[in-house]
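Heads up: the structure comes next, in structure tokens.
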Amino acid sequence: MRKKILIVDDEEDFATLSALRIGEAGFEVHIETDGGKAFQRIQELNPDAVLLDIMLQTDDGLSLLKKIKKEMPQVIVIVITGKAMLMGDIFKMEGAAAFFKKPIDVKELVKKIQELTQ
Amino acid sequence: MAETPAHLKIKKDAENMRILLVEDNPDHSYLVRKSVNEALRSQVEIAESGEQGVMRLGNEKYDLIISDFNLPGMSGLEVLKTIKEMGVDAPFIMLTGQGDEKVAVSAMQAGAYNYVVKDDVCYTILPRVISETLTQFRADKEKERLEREIREKSEALEKANRELKKLDELKSQFISSVSHEFKNPLNSIQESIALVLDGIVNPTEPKGKRVMEIAQNSTERLTILVNDLLDFSKLEAGKMKMEKEPVDIRGVLTEALDSMSPLAEKRKITLTCAPAAHKMIVFADPMRIVQVLTNLISNAIKYTQEGGAIRLDARSEKDPASSLQKIVVSVKDSGAGIAKENLSRIFERFEQIKQPQHRDLPALQGTGLGLSICREIVQLHQGRIWVESELGKGSTFFFTLPRYQ
Ligand SMILES: Nc1ncnc2c1ncn2[C@@H]1O[C@H](COP(=O)(O)OP(=O)(O)OP(=O)(O)O)[C@@H](O)[C@H]1O
């Protein structure tokens, strides 16, 4: 069965582009651009992994990360951020499996997803 | 003209003074008054007791106070201390008895400027003592003033320094955020091309088309960024030339409206302009004014929800200061509005106030330079730009241009 990935990012362009390459690698990819709806979407989909943009405008990405790890600890979360200042360590501490800084090399991202979902 | 000798100058300074003498002995009062009147042509008023002296000093202003130490009620020293507490700001000369050095010392300690020992010659030297005291007092005052001025100046310098530092910080922040702004669209373009080259999408199919659109949006965004930066550096270097000509502002408004309409339509915002029936000729660089307008309109679109409205307007007005006619152009939106505390900041360089905006129109994202460029352009037209806004209700940006006479 194909593994399910959910991209939570309010930058639709970026989400679309990464979704295409991730899909090509054999994953079933979904996109959620509304941070406020993200958690509900995760509960419905029960994805194997979530790519979470931490700089969401509608919701605070960090608290979303905490909520996912508390209520659905089996979901792998990969944190993505546009802000260079934010430290990856914090997200790892909160249970993120990996941390990417924009601009992202999508091929690297796919590799990481493959590695983590094996 | 020959210079006035120093001693005469001092005397001149001491002339026409209002002097209060606190003295209970009428003979002494008479002598003091006589000598001062003759030598200094100054008015001497007399208080016959310490209490009376204090009362007068509470009600009126004197240039100098002379007081006998030995008074029936309140002593001269008590008078001095009391008026110091009252904040009376005039030099004080104490008259002491012979052999009364202790009194003299305590008077000086309490803030007297000078003392004179009462003897037969004291009345003849008094005018000189008075003028010296006044000179000293004035010099002290001047010194205080200068010190205050220096303090104020150095505070102002420190403030300017802090502001420069802040500007420097903002500049570094700006450079790092701008390089970031460049990287993201570049990354999108690269990824779009890679998706096609790697055969993941095909540009002739819908998915591939979408990818190409994303690449196109990103190039548009880069173009805007580069243009903003170029304009900004030109303005900073004072190299932007305005090519001013007489032009009907209504045509300028229409041009800006036409170029922004598609974007407004995309966001389902009504963009209107109700031009006046009569011509309004301004003396301006039409291209640059279109630039200011498109910038203001694109901000308005960016911060206005779907279904909102943006209205352009221009009216003629008399400048109350110069009584010259000027044109006031306005861009009014029904959008998010701006918090009071940010109203003046938004025109500053590099200042970007984070607030929810619509990111689905990438062509609208900017550098935070937009408004500062607008301000510079308007100022190069001897105009003024400002905003009136209420949170949640919308904002109106205004700018003025000189009317062509
Ligand atoms: N019409 C408006 N309604 C509400 N806020 C506004 C409006 N126009 C400007 N602002 C505020 O003023 C700030 C500065 O605007 P400015 O145009 O200088 O930068 P920007 O919009 O971030 O980028 P750009 O360079 O694309 O204009 C914005 O970040 C925004 O918070």
Difference of contour (0.36 nm per residue) and Cα-Cα distance, B:Ala139 to B:Ser322: 61.5 nm
Loop-only check: which GluC sites (Glu not before Pro) in region B:177-265 are DSSP coil with at most 12 other Cβ within 10 angstrom? B:Glu243
In nanometres, what is the gap between the two model label sites at B:Leu391 and B:Asn342, each 7 Å from Cα along Cα-to-Cβ? 1.0 nm
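Can you tell me how much longer the chain between B:Lys34 and B:Thr124 gets when fully stretched, taken as 0.36 nm per residue apart minus their C-alpha distance, in nm with one decimal? Working shown, then result.
Details: separation 90, 0.36 × 90 = 32.40 nm, distance 1.00 nm.
Working it through step by step, the gained length comes to 31.4 nm.
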Local electrostatic count, A:Met93, Cβ distance below 11 Å [Lys/Arg +1, Asp/Glu -1]: +1
Residues whose modelled amide H sits under 5 Å from the amide H of B:Asn114, counting only those 5 or more places away in sequence or on another chain, are B:Phe92, B:Met94
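Evaluate the relative contact order of chain A (contact order divided by residue number), counting alpha-carbon pairs under 8 angstrom at least 6 apart; express in whole percent.
Numbers: 191 pairs, mean separation 28.0, N = 118.
24 percent.
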For region B:371-376, 3J(HN,Hα) per residue [Karplus equation, 6.51 cos²θ - 1.76 cosθ + 1.60, θ = phi - 60°, Hz, x = Gly/Pro]: 5, 6, 5, 4, 4, 4
Quick check on the protein assembly as shown: helices-only [θ] at 222 nm, where DSSP H runs of length 4 and up contribute -39,500 (n - 2.57) each and the sum goes over total residues. Nearest 500, please. -16500 deg cm²/dmol
Among the lysines, select those whose C-alpha is under 28 Å from the C-alpha of B:Lys153, and discard any that sit fewer than 8 residues away in the same chain. B:Lys141, B:Lys143, B:Lys165, B:Lys166, B:Lys171
Karplus (6.51, -1.76, 1.60) ³J(HN,Hα), θ = phi - 60°, over region B:332-347, in Hz, Gly and Pro reported as x: 10, 10, 10, x, 5, x, 10, 5, 3, 5, 9, 3, 8, 5, 5, 8
Any idea what the alpha-carbon Rg over 2.2 N^0.38 Å comes to for the protein assembly as shown? 1.66
Plugging the Kirkwood radius over Cα pairs into Stokes-Einstein for chain A, at a temperature of 20 °C and a viscosity of 1.002 mPa s, what D comes out in µm²/s? 155 µm²/s
So who's got an amide H within less than 5 Å of the one on B:Tyr404, skipping anything under 5 residues away but keeping other chains? H placed 1.01 Å off N, in plane. B:Ile281, B:Val282, B:Phe283
Sorted by average packing, counted as other Cβ atoms within 10 angstrom per residue and highest first, what order do B:339-347, A:108-116, B:152-160 take? A:108-116, B:339-347, B:152-160
Other-chain or far-sequence residues with amide H under 5 Å of A:Ile7's (modelled H): A:His30, A:Ile31, A:Glu32, A:Leu51
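What is the sum of charges, Lys and Arg at +1 and Asp and Glu at -1, for the other residues whose Cβ falls under 13 Å from the Cβ of A:Lys4? Could the numbers behind the result be given before it?
Working: positive: A:Arg2, A:Lys3, A:Arg41; negative: A:Glu28, A:Glu32, A:Glu44, A:Asp48.
Local net charge: -1.
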Two-site FRET efficiency, A:Glu24 against B:Leu170, from Cβ-Cβ distance with R₀ of 51 Å, rounded to 0.05: 0.75
Averaged over B:212-221, number of beta-carbon atoms from partner chains that fall within 10 Å: 1
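For B:Glu60, what charge total do you get from the other residues with a beta carbon under 9 Å from its beta carbon, if Lys and Arg give +1 and Asp and Glu give -1? Before the final figure, lay out the partial values.
On the way: positive: B:Arg18, B:Arg56, B:Lys61; negative: B:Glu45.
Local net charge: +2.
Counting Lys and Arg as +1 and Asp and Glu as -1, each charge on the Cβ, what is the dipole of the protein assembly as shown about the Cα centre in debye, to the nearest 20? Walk me through the numbers before you get to the answer.
Numbers: 73 positive and 80 negative charges, 307 e Å.
Around 1480 debye, computed over the protein assembly as shown.
Can you tell me the order of B:289-300, B:86-97 when each peptide is scored by its average per-residue count of other Cβ atoms within 10 angstrom, highest first? Before the final figure, lay out the partial values.
On the way: B:289-300: 23.7, B:86-97: 18.4.
Most protected by this proxy first, the peptides run B:289-300, B:86-97.
Any read-out appearing in this document is the output of simple, stated calculations on the displayed coordinates, not a laboratory observation. Owing to the predicted nature of the structure, the values given are computational and were not obtained by experimental measurement. Here Cβ is always computed from backbone atoms with ideal geometry, including for glycine, and neighbour counts include all displayed protein chains.
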